[in-house]
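Derivation of every value follows stated rules applied to the coordinates shown; laboratory data play no part. The shown structure was predicted, so the numbers you read here are calculated from the model rather than taken from an experiment. Here Cβ is always computed from backbone atoms with ideal geometry, including for glycine, and neighbour counts include all displayed protein chains.
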């Protein structure tokens, strides 16, 4: 375990897609970092996950149920990740390109997170985040940085995650290709030399 684990707010756009979410949360479960999210972030995650499932052909009621199950499991496995609504006091004073993203930065300020993991980097300008001692990272950059902390331990985490994949089962090589296809190019590149360990 890392004595200096840091706190990270996970945006809905990195929690909704299954491939990114599974890897990020497996690293969190292995104590690489402390994940945080608010009710608002989980509500957006629920809606986005539901939309993804519907696009894949699942009927609306089943997509709704699966997305609700996902949120319930996240709350159950990571009860300490919850950021209370005290963050709302910060929102009016924040300036971001999209006002709808202010709640994410406000939650990060409230829980003293050092990083927001988001794939909407343009919506979180470094100049606005820096004054609060926060940076934004893409899912790929964040995961790659976490893996770099302890590549062998991270490979073990990925191996456990891969072992849980049943539909379909996946070889290490196939998993790395899937990561790359989903935009985790740096993550895949870092893990490739350790393929036999995953």
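Annotations
- Matching option when the condition is surrounded by fewer than 19 Cβ atoms within 10 Å (Cβ to Cβ) and touching a residue at least 24 places away in the same chain (Cβ under 8 Å), among 82, 87: 82
- Some residue of the stretch 61-72 being outside any helix (DSSP H, G or I) and under 19 Å from residue 14 (Cα atoms): no
- Test: residue in the stretch 39-56 that is free of Cβ contacts under 8 Å to residues at least 12 places away in the same chain, assigned to a loop (DSSP other than H, G, I, E, B), crowded, with 16+ Cβ neighbours inside 10 Å and over 14 Å from the mean Cα position of the chain (by Cα): no
- Failed item in (1) touching a strand residue (DSSP E or B) at 6+ places or on another chain (Cβ under 7 Å); (2) outside any helix (DSSP H, G or I); (3) closer than 19 Å to residue 17 by Cβ, with residue 104 passing the rest: (2)
Quick grid of which residues meet (1) touching a residue at least 24 places away in the same chain (Cβ under 8 Å); (2) surrounded by fewer than 20 Cβ atoms within 10 Å (Cβ to Cβ); (3) under 17 Å from the mean Cα position of the chain (by Cα):
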| position | (1), (2), (3) |
| --- | --- |
| 98 | yes, yes, no |
| 103 | yes, no, yes |
| 111 | yes, no, yes |
| 121 | no, yes, yes |
| 130 | no, yes, no |
| 135 | no, yes, yes |
| 140 | yes, no, yes |
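- With a requirement of 2 or more residues that are over 24 Å from residue 6 (Cα atoms), the helices (runs of 4 or more DSSP H) lying completely within the stretch 108-187 that satisfy it span 151-164, 172-181.
- Residue count for the stretch 79-88 under the criterion of being in contact with a helix residue (DSSP H, G or I) (Cβ under 8 Å, 6 or more places away or on another chain) and either farther than 15 Å from residue 7 by Cβ or assigned to a helix (DSSP H, G or I) (or both): the result is 5.
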